[in-house]
Amino acid sequence: MRWCLRKSREQDIDRELRSHLDAEAEEQRESGVPKEEAHYAAKRALGNVTRVKEETRAVWGWTTIERFVQDVRYAGRLFRKDLGFAAVAIFTLAVGIGANTAIFSVMDAVLLRPLPYPDAKQLIRVWQSEPRMFEGHLGAAPPEFAAYRDRTRVFSGFAGYEPGSFDFISEGEAEHIPGYNTTASLFPTLGIQPLLGRTFTAQEELPSARKVVVLSYKFWRSHYASDTHVIGKIIRLNEQPYQIVGVMPKGFIFPSTAASPGEPPALWAPLSFTSHQLNDWASSFDTNMIARLKDGVSFAQAQDDVKRVAAEFQKEHPGIYSGNMILAASAEPWSPQFGGHTRIVLPMLAAAVGFLLLIACANVANLLLARARERQREISIRKALGASAGRLTRQVLTETAILTLSGGIAGCALAYASLRLMNVVSISEINVSAVSIDLRVLLFTSAVCGMACLLCGIAPAWMFRNSNMHDALKQSGRQSGQSRTSRRFVRSLIVVEIASCVVVLIGSGLLLRSFIQIIKVPLGFDPAQTLLVRTTLNRQRYSPDRRHTVERTIAARLASLPGVAAVALTTHVPLADERQIGFVIDGRPPDEFHWADNALVSGDYFRVMKIPLLRGRTFSDANTATSPLVAVVNETMARQYWPNEDPVGKGFHWGGRHLTVIGVVGDIHIEALDKPIAPTIYNSIYQIESGATSSGVFLLRARTGQDPTRLAASAQSVIRSADRGLPILGFSTLQQVVSSSLAIRRISLQLVGSFALIALLLSLIGIYGVLSYAVARRTQEMGVRLALGAKPIEIKALLLREGIQLAALGVAFGVVIGAFAVQYISKLLFGVPTLDPVSFGGGVLLLFAVALLASYVPARRASRVDPMTALRYE
Amino acid sequence: MAKEPAGRVELLQGTLDMLILRTLLFGPAHGHQIAKHIQRTTDDLLQIEHGSLYPALHRLERKGWLAAKWEPAAKDQKREYKYYRLTAAGRKQLSAEESKWKQMTQAIARVMWPAEEG
């Protein structure tokens, strides 16, 4: 519509000026001037008609838009003429911008996106730790939770939650549903209203109350087909009736987020504590705590308050909280849990792609500079015709903007494609399919495009402004525009490029060496030829006796399958699950607690896992639930607690029980390959009741030659036949478990490695381009040198030296920046020092090699110049 | 007749606006008439390039001090001219510019001819 307005305004101005000319011509005629003369006289009086029209038009403010459109059209024409240049520039920018888009979208989904709860910044995680024993974050025991809930003064809402295990039988098939047991205060604290029905009341938290449950949106849709009359229906979970009282709205998956790995919770049930539990201080650390800050309270005040309560209740029970069992409490802003590495890996990847973008922009800026030099005459003519410096700058920026915008769009497409590719890989720490290119990511990409436009456009714009008109208009082309400042520009761009490349190379070198070191770490067990079948035996359905019977039956039947060499049972799989228990060694003070990793296993677990038995014996059928409790410990535990004695026969206390050591086995990595091996206590799965977990994993070792994954189907039918109601959670192999535990390291290595390769390639192209151009420009000089007797080898050396000089400067900067940058990823490194000479040296050498390679062809071309043609060229 | 060099027109831009507004105080006129009027009234001393008149007229129209309309000429009904007339805002602007001009000329006079002060 504005365009029509503009057209009509144009016509208006035309008409007005024409009428003016007519009036003036008439007046001239009236004063006796002949008709023809009158017309010209009128025109003279008016002055330059075009300029008048221009100035009048300018009043109406169309000029800016007109000029912009003009610039765009002009740029389009230029690019069409030189399609190769445009393609290279756009592709380079697409790679740089696309990488940034992809990494940012992952970072956004995992770390940056705000939580979907109102005033999410006021949500606090309260956690405990045992500073004398254990680094990690712990939850609270029931009475401790109650203490924090009742005695703190800074929170307007306080809630607790624990992961729960729910078995659901539908159509005779047992299904395991992930969910959480939470206090009734959780939903008001988070501030989310249910979609249907209500959430639980405090009454329903009592152990005697009727069991209720709140469903998630997804579960409601998949199992109840979004039936609005679902409220009040009964669902049988863990063999017990739960009444459905509410359905949560779409997107509510507390405490997971969309990017959290694994299944999001399907339902929430009340968290009840018996009165016995409420008096059992320091018994467990299972209850996670979340609270909402009152208005006007600061984080520091919350910290102090929480610490005060912790000190208070520990003082009230000095018998329990003494020795090693001292708790420290802390409060921090609540955020979803991700693996420890995620918070370092993602910013590291972001930095790497930032450097990549710098390199891409430097290359494109160099390309534009080269073109700017060729367009010197055109620019000078424009200047002579009256173009202002501002106008020229705007034109250059418009051209650059078109390039960066096209690069940005292509980059988004590249990012989208690579995210889809990444989806195929499963990373245990992040759910990649939740990452998408949404509005926030697009906004970020536009910002990156804008920045790239400025970075690339500054150099040519500056050159345009300062180009010397007279030199450029002279016929001798060789005088045109290699001013010293422009040469310095080009060189500094290359130095920046090389420095960035070196940093990324160093980073990838360090990651590579760390990874090599990690895969050399001995596992302690043999992961080949194994199949894992995960099941869960919940307490309501399986009494201890029934559980043992089922386990033994299934183990026996599985062992008799053809292709199966041996079967064992465990509750926790190394490198996938972990569990710690606190114990006190016999003869030591009763409050000197220590931690050990723990798993409940069957007697032949060690044999099946090929963990060597170093002393004593493993569990046998003699170790039943009624016979004295025994344990098998690992080497580290033996060394740490019974250094010069035979641990067999020694005892320790755990959770009110006394256990005797009957054997020592070799060390295995349970927590992670890059963490040191912890003391480990194994108990017999048939002897001890696991209080905390209902998990049961059948471990099959296949005969040689048998593919373990093919055994899955027969294993499944065996289990079904033994007990129809036992849910099978999934199959995997120990190899998969091991590689999945390394997944995030492997992927960050692959990514940073690819970025390093791309950076090297771009730097190669950059150096090659700059040197080629220099040679082309200095053909005459080369011709003169050769004519004066220089040998071709000397010319080659001259140019190679130039290339190496540039590289050396860039490398120097890169090494210094690299030395600072690697401090941030020191937590990721394993077995390599941060200032690892091999990685640094390797990166430097690689870059020099690339610089030499890039300089070689232009150097050779320079040495081949025919002096006669060079001197004749004028 | 002294011809005003192109540079001087820039200086007179603000003054040109004032002259145009004043001219239109008498009644609506089209561009050519305004130019001729100024020329005649100042006895050809102030010769405005007709070309600088039109950007000024359009600027004043954009600012809302003038209203423009195509009307047939008084003399010859066949021809149409774009007639400008003063708006109420334009009238206010005119008095504002007048007082500013008076202030400025008084100040300059005081510097130039200080004896006349006493």
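The values are calculated or read from the model by the stated rules, or taken from the named source; none is laboratory data. The structure displayed is predicted, hence computed values, not measured ones. Cβ atoms come from the backbone with ideal geometry, glycine included; neighbour counts cover every protein chain shown. Note: accessible area is taken over every heavy atom of the protein model, side chains too, but ligands, DNA and RNA are not part of it. Shrake-Rupley method; radii C 1.70, N 1.55, O 1.52, S 1.80 Å.
Let me have the relative contact order for the range A:631-693, percent, based on Cα pairs under 8 Å that are six or more residues apart. It comes to 43 percent, rounded to a whole number. The charge dipole of the range B:79-118, taken about its Cα centre with unit charges on the Cβ atoms of Lys, Arg (+1), Asp and Glu (-1) only, comes to about 360 debye. Normalised by the number of residues in the range A:227-329, the average gap of Cα pairs under 8 Å and 6 or more apart makes the relative contact order 13 percent. The residue list B:Ile20, B:Ala67, B:Pro55 was ranked by how far each Cα lies along the charge dipole of chain B toward its positive end, using unit charges on Cβ atoms, and B:Ala67 comes out on top. For A:Lys827, a cut-off of 22 angstrom between C-alpha atoms picks up these lysines, skipping any fewer than 8 places away in its own chain: A:Lys520, A:Lys675.
Can you give the accessible area per residue of the protein assembly as shown, in Å², using a 1.4 Å probe?
On the way: 47270 Å² over 992 residues.
Per-residue value: 48 Å².
Extension gain, A:Asp12-A:Lys675: 0.36 nm per intervening residue step, less the Cα-Cα distance, totals 230.6 nm.
Computed over the range A:524-632, the percent of Cα pairs more than 25 Å apart is 31. Taking chain A as the reference, fit the longest principal axis to its C-alpha atoms, fit the long axis of helix A:792-821 to the helix C-alpha atoms, and give the angle between the two in degrees, 0 to 90, nearest 10. Once rounded, the angle reads 40 degrees.
Apply the Debye scattering formula to the range A:721-864, with a single equal point scatterer on each alpha-carbon and no solvent, then give log10 I(q)/I(0) at q = 0.09, 0.18, 0.20 Å⁻¹. The Debye formula, applied to the Cα set alone, gives -0.48, -1.05, -1.18.
May I ask for the accessible area buried between chains B and A, both sides summed, probe 1.4 Å, to the nearest 100 Å²? The partial results should precede the final answer.
Working: alone 8370 and 40910 Å², together 47270 Å².
Looking at B and A, the buried total is near 2000 Å².
Each peptide in A:64-76, A:373-385, A:398-410 receives the mean, over its residues, of other Cβ atoms within 10 Å, and ordering these scores from highest gives A:398-410, A:373-385, A:64-76. The eigenvalues of the Cα gyration tensor, multiplied by 5 and square-rooted, give the range A:311-351 an equivalent ellipsoid with semi-axes of 37, 12, 7 Å from largest to smallest.
Ignoring any ligand, DNA or RNA, what whole percent of the accessible area of the range A:474-617 comes from carbon and sulfur when the probe is 1.4 angstrom? List each step's numbers first, then the result.
Working: 3220 of 5930 Å².
In the range A:474-617, the share of accessible area belonging to carbon and sulfur is 54 percent.
Site pair A:Ala328 and A:Arg113 shows an inter-label distance of 3.4 nm when each label is modelled 7 Å from Cα along Cα→Cβ.
Rolled with a 1.4 Å probe across the full set of protein chains, the surface gives B:Leu46 an accessible area near 50 Å². Taken over chain B, lysine pairs spaced eight or more positions apart, or on distinct chains, with alpha carbons under 24 Å apart number 16. In the range A:32-54, burial by the other protein chains removes 50 Å² or more of 1.4 Å probe accessible surface, compared with the chain on its own, from no residue at all.
Between the range A:233-289 and the range A:121-143, what's the alpha-carbon centroid distance in Å? Distance between centres, Cα-based: 19 Å.
The spacing between the range A:523-550 and the range A:814-874, judged by their C-alpha centroids, is 55 Å.
Summing Cβ point charges (Lys, Arg +1; Asp, Glu -1) relative to the Cα centre of chain A gives a dipole of roughly 3320 debye.
Using a 1.4 Å probe over the heavy atoms of the protein chains, calculate the carbon and sulfur portion of the accessible area of the range A:1-65 as a whole percent.
Numbers: 2140 of 4160 Å².
The C+S portion of the solvent-accessible surface of the range A:1-65 is 51 percent.
For chain B, which whole-number percentage of the solvent-accessible area (1.4 Å probe, protein heavy atoms only) is attributable to carbon and sulfur atoms?
On the way: 4180 of 7380 Å².
Ligands and nucleic acids excluded, carbon and sulfur reach 57 percent.
Pairs A:Lys53/A:Lys383; A:Lys211/A:Lys250; A:Lys233/A:Lys294; A:Lys250/A:Lys307; A:Lys43/A:Lys383: which are spaced more than 32 Å apart, C-alpha to C-alpha? As for pairs spanning more than 32 Å Cα to Cα, those are A:Lys233/A:Lys294; A:Lys250/A:Lys307. Projected onto their three principal axes, the Cα atoms of the range A:556-711 cover extents of 52, 39, 29 Å, largest first.
The residues of the range B:24-50 occluded by other protein chains by 30 Å² or more of accessible area, set against the chain on its own, are B:His32, B:Lys36, B:Glu49, B:His50; surface from heavy atoms, 1.4 Å probe. In the range B:54-84, burial by the other protein chains removes 10 Å² or more of accessible area from B:Tyr54, B:Pro55, B:His58, B:Arg59, B:Glu61, B:Arg62, B:Trp70, B:Lys75, B:Arg79, B:Glu80, B:Tyr81, B:Lys82, compared with the chain on its own (1.4 Å probe, ligands and nucleic acids ignored). The Cα-based radius of gyration of the protein assembly as shown, divided by its Kirkwood radius, gives an Rg/Rh of 1.15. In this structure, A:Ser298 and A:Gln517 have a Cβ-Cβ separation that, at R0 = 30 Å, corresponds to a calculated FRET efficiency of about 0.10. Convex hull volume of the C-alpha atoms in the range A:113-182, normalised per residue: 189 Å³.
The mean number of Cβ atoms from other chains found within 10 Å of a Cβ in peptide A:15-26 is 5, as a whole number.
Each of A:Leu206 and A:Arg615 was given a label point 7 Å from its Cα along the Cα-to-Cβ line. The distance between the two points is 5.4 nm.
Taking only C-alpha pairs under 8 Å that are 6+ residues apart, what is the relative contact order of the range A:1-84 in percent?
Worked out over the range A:1-84, it gives 25 percent.
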